[in-house]
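In what follows, a structure is listed as structure tokens, so that the remarks can point back to it.
The values are calculated or read from the model by the stated rules, or taken from the named source; none is laboratory data. In this text, all values refer to a predicted model and were calculated from it rather than measured experimentally. Don't worry about glycine lacking a Cβ; one is built from the backbone with ideal geometry, like all the others, and counts go over all protein chains shown. Areas reflect the complete protein model, heavy atoms only, side chains present, ligands, DNA and RNA absent. Shrake-Rupley method; radii C 1.70, N 1.55, O 1.52, S 1.80 Å.
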Amino acid sequence: MASSDAEPPPAKKVKTLEKSWKLFLTENLGPEGKVFGLQDLFAHGFDLPDASRTATGVTTVATAAAAARLTANRQANKFYTLRLEHRQGGPMAQHRGEERILLFRSDRPGAIAKIIYSSELPEGSESSLKQPPPLQQGASLHNVHVYSTAHAKIHVLDVKSQYRGRDLGGLLFTEAKRSLTSKYCSNDDDDDDNDEDVKLVGGDSTSGPVKSNVYKQKQLYDVECKLDAEEDVTRHGKLVSFYEHLGCRVKSSKRVQYVNNNDSETYRKIPMQIDLHPPKANSPSKRERARIRRRRFSHLASPMGSFLPVQLVGAFGKLSVRSHGSQELMKLDWLVTETPEGIQFCTTHGHLLLATPSGTVSVLSPGDQDNDDDSDLDIDTNVLNKWTHFMPCHVSDDDISEDVNDRSQSDSSRSLWVLRTCHDTFLTADSLRQTLSCTRLPSFWQANGANLSLVCTSDTPPRRQHYRKCWKFQTYDYVSTMRSRFLNFSLGKATLLEALGWIHSFPAHPFHAWSSDESIPDSTPDCAPSLRTLCFLMAETAREEGLPDWVQLVALFHELGEAVKVLDPSNTGEMAKSIYDWTISSRSRVVGCRIPQRATFSEFRHLNMDEDNSRFNSDTGAYQANCGLENVFLMWSGCEYMFYLLKHNNVTLPEEGLVMLRYFLLGDWHEHGEYSSLVNTDDDDMLPFVQEFEALRRSVRLKCVDCGDLSDEQCSFLWNTHYEGIAAKYNCDHVFNW
């Protein structure tokens, strides 16, 4: 029996969300029916911070002038997209058959990148629309080969320096290749209006698609496209490698030239070439199938509308995606386009991102369209179009109970989005493999307009809302009030073992996106690990790593602060359910002094009243310089409560163990070296212990994500055979005053 004044409720199955994700999304996404676009995702990154707001909120002549300059800068840096423009000939042309593909910003004149190339037919050629000879009965037009060679040259490929690093040069080169291929190597543009009369039929060369009208075909050519890779000798091979990645080869028969452009630099000019060919002449049915695929794909993947270059990023950098045909993993540079149905992701090299009904995500390359064995692509154009669209849905940080004025200043670069597919799945990134896929449970993305990235984050709406409340409630006065209320230890009496039983009803990961939607297989949280399981696993890991027994004991007891919700159900328990749960372990900070800029979820700092209190806006604030962390107020949390609980009940744990318990959540100090004006030499001595304990906890929490929940029998066995003796050794086995 528990020794507390009130009998605690029986343990219950862990559920982190009582509602299904379908209901959650309905309640928490943006305005119903709104289709979010590129500006909704990224516009904030083009804005500069408002310098007119000082720490005290006072506007001076200087700050007003700064604000005026910033307004002008905002106008110069307002949201924009990019667009391509293809031009042929004209008065500026310097070469026969010259064409230019230019890249523009939507908000200003002048190209930011360009490629200039020219092409011409071989001498003696009459026309690119030459009619082939009459077909004999039973012969196939597709078996007629009349390929001469057209000649092309890339004269200029230039991207302005501030726009480099996004493979925009690769985009321009790919578009030039596409244009040359369409002009000389393809007859896909013939009879555009007759595709409705073409149907794909499986089978061999004796069956397949036929057109209802008589075939017409322009003469096709191979294309020899030459260019010179002119690179600074100090960056030997960099530009050559870039062109080789695009399919070019060095012409070994030509000499490398060294030139000086009157800028005191010497350049290497390496002759290179890329060869373009008409599609292989397979059977009529296979050739026509590939033709229709190319037609469909060109309409889907062409970035000739407005777009933004965007990086898709996971926990360890750029995300990979598999090729639809080869299953090869690739890291690509993405262009995001906006359509009435959502957004599409295509690459600078002409790949298109597809989400299939099975949950796989792959990129369809232009070469995949000619794969005779791939019947997955023989689907209706409208269906394929839906597979390439992702619907951005914004998940609000706002709490409906908060004042509307508190909702307007959050940094939208940290707010959460989900990317929904037409299959009611969500685009996600595998955190270990760093690959893209789709799941029935939502994963969350953060759109950063400053560096044009979409980052798949471990953050969830419950976690952001919890930290939002931390910033709002955890002021110096709030902590003072909570210390006065709880540090008299009058809630009741119980042993630490009894408290371990109580926290079995709380989840180890309270902010994870578990689902209680039983329509989604394997997504119910009935077997999700409890907080008790996390504590035992952390203690066992410390034991396996040979750490001292007192470290094992601190690991076992470090989350017992959540037991206060059981001992104080009418106050702490009810508040945790309806307003704010301070017992959950959260990244901590010192209250009563200037808050570090890098503090966790700092975008919510405007909600904290101490920000406008001049007493707390210095490095020392309410404290003496170098007074030591033992003399400051930390955020009021379950671990802070446990630190004082163990001291009050006269445990004999080493001081290092108690310090680890109190400071492991203070990452601003032990990870980033903040609060240098407050710490003293004693804190410096304890720092390695705190860092090691936090590293242990991080590793165990990662292992605990997919583990099952330990049973009562398993926990009792571990306690009886090992931890009971250690608890007695350090005077932790008696009835505690809580």
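Computed over protein heavy atoms with a 1.4 Å probe, the carbon and sulfur contribution to the accessible area of the stretch 540-653 reaches 43%. Cross-link pairs exceeding 25 Å in C-alpha to C-alpha distance, out of Lys153/Lys318; Lys251/Lys331; Lys177/Lys254; Lys226/Lys318; Lys177/Lys251, comprise Lys153/Lys318; Lys251/Lys331; Lys226/Lys318.
Taking all protein chains together and a 1.4 Å probe, the residues Asp733, Asp477 rank Asp477, Asp733 from largest to smallest accessible area. Only protein heavy atoms count here; under a 1.4 Å probe, Ile101 has an accessible surface of about 10 Å².
Under the shape rule built on the C-alpha gyration tensor, where the axes satisfy a ≥ b ≥ c, the stretch 554-605 is oblate, since a/c reaches at least 1.5 while a/b does not exceed b/c.
Provide, in order from the shortest bin, the percent of all Cα-Cα pairs of the stretch 652-738 in each 5 Å bin, continuing until the bin that contains the maximum pair distance. With a bin width of 5 Å, the distribution comes to 3, 11, 15, 16, 18, 17, 11, 6, 3, 0.
With a Förster radius of 51 Å applied to the C-beta separation of Leu432 and Ser253, the computed FRET efficiency comes to 0.60.
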